[in-house]
């Protein structure tokens, strides 16, 4: 066997071995993780909001994974119980995240159930959290002279929008907030519908 | 000048070797220049996008009117432009230039390599455009959508064909260590890229795939090709063989085995099986072996010759990069330990580490490679040696400011985050001065790149004063 083949086959062998250990074995171990009874699949609107969350890159600054109390202050901060693989059965792509430039959002729907708060926070984060470095997502909203039938009006503090104008949540903002409010992992992750845990 | 039998026991006589090098360089000139031109453009685009993303922490309402310019998209465009545009295209250019010289055979089918460069650019333009427009696969390092990925798979295939066939037609019996790294990288990258992009993954398993890929894109692609470059340039410029063949062998195989299993340290504390995380932590710590082997090899080859740094821009950049490689790798091993990771995970500390690797290590080595290779491609000396000094010091001070500020700021951020008594707002507020410093570091790097790009442009247009001697050689004459 010549050196060319040694390098070629050696390269293939090492990366394949790593694949088997790091991906193959966990896939086998996690195969058939059951959906918890307390977790519903995303509705159409929530799924649309999730796609928007992904495309705007929210997950670069917000994680969706709560660590165990032995490994950080996550639960003490009120971010919820430690996350389990079962919590992610409907997630494609996964949005676990690697940064907490902003807080973890695994349970933002539990912590902050107000639609109005979310609308204002997305429209101008610094109106509700003065220290915030989050971008404003005002392009998801419409500035109108007068609200129309069926519009969701955003309650804004004085001075944020010009006098005589109202801020209305566009369809994308509504979907995004539908998704954020669905982030509630407060059920028992091991309780499976109709079966023993 | 004495000719040192540099790399092989089966080296040809010097006159034959010189002729073969000319033949090799002639075969690679056009594709390598195309890769290099593209890389320089992507460097400017990528670093400008990076600075915009960084400034958004100081001015969060700046450019907030459109989804296109929101932080999550600009940041992603930055990463893809610098990782797949600048670093990858420059590294492939260097490999294409280096391999024919090292195997003593002209590049096989240069047109295939040219087509690969065109395809690679098409992939980047469409892919980064897609990300900015909101079409993404939603996975860090793998954002560019699946159908567009197919373009780079074809381009990579053409590239690999040209390189692997060149090696198959080699006139050497022996492979120099740079060839091992470059060949292995060209085998590894297609495997990890295609595997990770298969649309079959989901849930937490997908997170494992994501980080297996993400870390291997650094370890088995960018690092492998950067080490190949340093292994070529250090002995070449010094005219002195690498210290130990045996150590380079240990370094290569230990890197292949351990680096490929590092990825899951990005999920420490996360909802994946604990044994899996432990495997990756172990592999991350074991990286000390290849890193130490490579460090001893590089640094003892340099020993007693540090004076050369003053009259070789190539060596100044490459040695800085090689030293930073040692530092960033040891930092990475430490960062994978649970006790350290508990603090640094989810903070800007990680961002500082990533930039020290891709910039301080890989990009510095690449800059050094440009200063060595481009004169041999365009038959012209760098016209303004002073600009190389500006480039060097701006780049080095830029990454220093960037790294120190995010390392300190990230550590403070993590320590405060662990204390549930500190409100989250106070954690954010505490990081702000460090993020200002990060923008300063980024601006210095962008300035370095503008100097470099201007000089590169002069060079390829053969503008500026014609110089008979290589840049900085007056320092040698004075000595």
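Coordinate-derived values only; no laboratory data. The model shown is predicted, which means the values in this text are computed figures rather than measured ones. Every residue, glycine among them, receives a Cβ derived from its backbone with ideal geometry; neighbour counts consider all protein chains shown.
Numbers at a glance
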| item | result |
| --- | --- |
| Helix-derived mean residue ellipticity, 222 nm - over chain B, DSSP H n ≥ 4, -39500 (n - 2.57), to 500 | -24000 deg cm²/dmol |
| On Cα atoms only, tilt of B:288-302 relative to the major axis of chain B in degrees | 40 |
| Volume per residue that the Cα convex hull of the stretch B:186-281 spans, once the total is divided by residue count, Å³ | 97 |
| Burial ordering of B:366, B:49, fewest other beta-carbon atoms within 10 Å first | B:49, B:366 |
| Cα long-axis angle, helix B:203-216 against chain B (0 to 90 degrees, to the nearest 10) | 30 |
| The stretch B:211-473 shape via C-alpha gyration tensor axes, a/c threshold 1.5 | oblate |
| Tilt relative to chain B, helix B:313-335 - C-alpha long axis, 0 to 90 degrees, to 10 | 30 |
| Shielding by partners, peptide B:437-446 (average Cβ within 10 angstrom, other chains) | 0 |
| Taking only Cα atoms of the protein assembly as shown, radius of gyration then Dmax in Å | 26.1, 88 |
| Peptide A:81-87 - average C-beta neighbours from other chains (10 Å radius) | 3 |
| For chain B, convex hull of alpha carbons as volume per residue, Å³ | 144 |
| 10 Å Cβ neighbours from other chains, averaged over peptide A:19-32 | 6 |
| Residues A:154, A:21, A:128 arranged by fewest to most Cβ contacts within 10 Å | A:128, A:21, A:154 |
| The stretch B:198-341: relative contact order in percent, alpha carbon pairs under 8 Å with at least 6 residues between | 30 |
| Tail beyond 26 Å, pair distance distribution of the stretch B:263-416 (Cα, percent) | 38 |
| Per-peptide average of other Cβ atoms within 10 Å, ordering B:314-326, B:116-128 highest first | B:314-326, B:116-128 |
| For B:114, B:89, order by how many other beta-carbon atoms lie within 10 Å, fewest first | B:114, B:89 |
| Mean Cβ count within 10 Å, highest first, over the residues of peptides B:390-401, B:348-359, B:330-341 | B:348-359, B:390-401, B:330-341 |
| Cβ crowding within 10 Å averaged over residues, with B:247-255, B:262-270 ranked highest first | B:262-270, B:247-255 |
| Relative contact order [Cα under 8 Å, 6+ residues apart], chain B, whole percent | 16 |
| Antiparallel DSSP beta bridges within the protein assembly as shown, as percent of all bridges there, nearest 5 | 90 |
| Rg(Cα)/(2.2 N^0.38 Å) for chain A, N = residue count | 1.33 |
